[in-house]
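One structure is given here, and the rest of the page talks about it.
The values are calculated or read from the model by the stated rules, or taken from the named source; none is laboratory data. Since the model is a prediction, treat every value here as computed from it, not as a measurement. Every residue, glycine among them, receives a Cβ derived from its backbone with ideal geometry; neighbour counts consider all protein chains shown. Please note that ligands, DNA and RNA were not included when accessible areas were found on the heavy atoms of the full protein model with its side chains. Shrake-Rupley method; radii C 1.70, N 1.55, O 1.52, S 1.80 Å.
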Amino acid sequence: MPPSGRQWADAYARQAASDLRVYRLLVSSANVEPSHLFHYLQMTSEKIAKAYLLRDSTASLGDVAATHTVLHRFLGNFATSPQARQSMGWSTAQSRAVNREVRVLAREVECLAPAVDPESHPQNAEYPWASGDEVLCPCDYWYPTITLPSLGGTLSVFVSLVEAAIGSYQWSRPKR
């Protein structure tokens, strides 16, 4: 019998938690290019969004695995959930205000996956891309729409929401 959707969801959630640990290590390291931070942030957040989608909907594994655009809807909805409000200590009004900002940032993070929108948004955190007559490399690029200093609180709230989503996901232990 093939694995269930819940087994796949739990595996996505466990991998998101592992990716988050690597993201935290990279954040605490000196001289790490932003592309590495953003790559792990994108992978972490996409995987936890897919875990919830597989667990809480009738979406097929094939459809969920093939998409990279689940984050902005998931994280926006999660921002207004009771779990997020409790974890973050927000009122309903605060969670609604954060929802708008987080959805915009989540869309930018989604676009860091090279397959999302390579024509109009070629900048990604994984592979080089062409820009006019140049080839740009993620490790040399500074991601002006999501740079760490300019977003300050919004990026930390985004990361905190991803952490809260991972923390509130209840997965079963894998069979060994």
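Quick look at the values:
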{"quantity": "Accessible surface, the stretch 25-143, averaged per residue in Å² (probe 1.4 Å)", "calculated": "52 Å²"}
{"quantity": "FRET efficiency, E134 to N77 (Cβ-Cβ, R0 35 Å, nearest 0.05)", "calculated": "0.35"}
{"quantity": "Exposure rank, largest accessible area first [W142, W90, W171, W129; 1.4 Å]", "calculated": "W142, W171, W90, W129"}
{"quantity": "Per-residue HN-Hα couplings for the stretch 125-140 [Karplus 6.51, -1.76, 1.60; θ = phi - 60°; Hz; x = Gly/Pro]", "calculated": "9, 10, 10, x, 9, 8, 9, x, 9, 10, 10, 9, 10, x, 5, 9"}
{"quantity": "Inter-site label distance for T92 and Q170 at 7 Å from Cα along Cβ, in nm", "calculated": "2.5 nm"}
{"quantity": "Summed side-chain charge close to D19 - residues other than D19 whose Cβ falls under 11 Å, Lys, Arg +1, Asp, Glu -1", "calculated": "+3"}
{"quantity": "Gyration tensor verdict on the stretch 34-176 (Cα atoms; rounded if a/c is under 1.5, prolate if a/b is larger than b/c, oblate otherwise)", "calculated": "oblate"}
{"quantity": "Cα gyration tensor shape for the stretch 1-113, rounded if a/c is under 1.5, else prolate or oblate", "calculated": "oblate"}
{"quantity": "GNM flexibility winner over the chain from L71, L41, L61 (Cα, springs under 10 Å)", "calculated": "L61"}
{"quantity": "Accessible area of the stretch 1-104 belonging to carbon and sulfur atoms, whole % at 1.4 Å probe", "calculated": "54 percent"}
{"quantity": "Theoretical FRET efficiency, 1/(1+(r/R0)^6), r = Cβ-Cβ of A66 and S18, R0 25 Å, to 0.05", "calculated": "0.70"}
{"quantity": "Spin-label model distance (nm) - S57 vs T154, 7 Å beyond Cα toward Cβ", "calculated": "2.4 nm"}
{"quantity": "The stretch 73-118: C-alpha gyration tensor shape, a/c 1.5 cut-off, then a/b vs b/c", "calculated": "prolate"}
{"quantity": "In Hz, Karplus ³J(HN,Hα) per residue of the stretch 56-66 (6.51, -1.76, 1.60; θ = phi - 60°; x = Gly, Pro)", "calculated": "9, 9, 9, 4, 7, 4, x, 5, 5, 5, 7"}
{"quantity": "Centre separation in Å (Cα based) which lies between the stretch 72-129 and the stretch 49-71", "calculated": "15 Å"}
{"quantity": "Translational diffusion coefficient (Stokes-Einstein; Kirkwood radius from C-alpha pairs) of the stretch 1-48 at 37 °C, 0.692 mPa s, in µm²/s", "calculated": "285 µm²/s"}
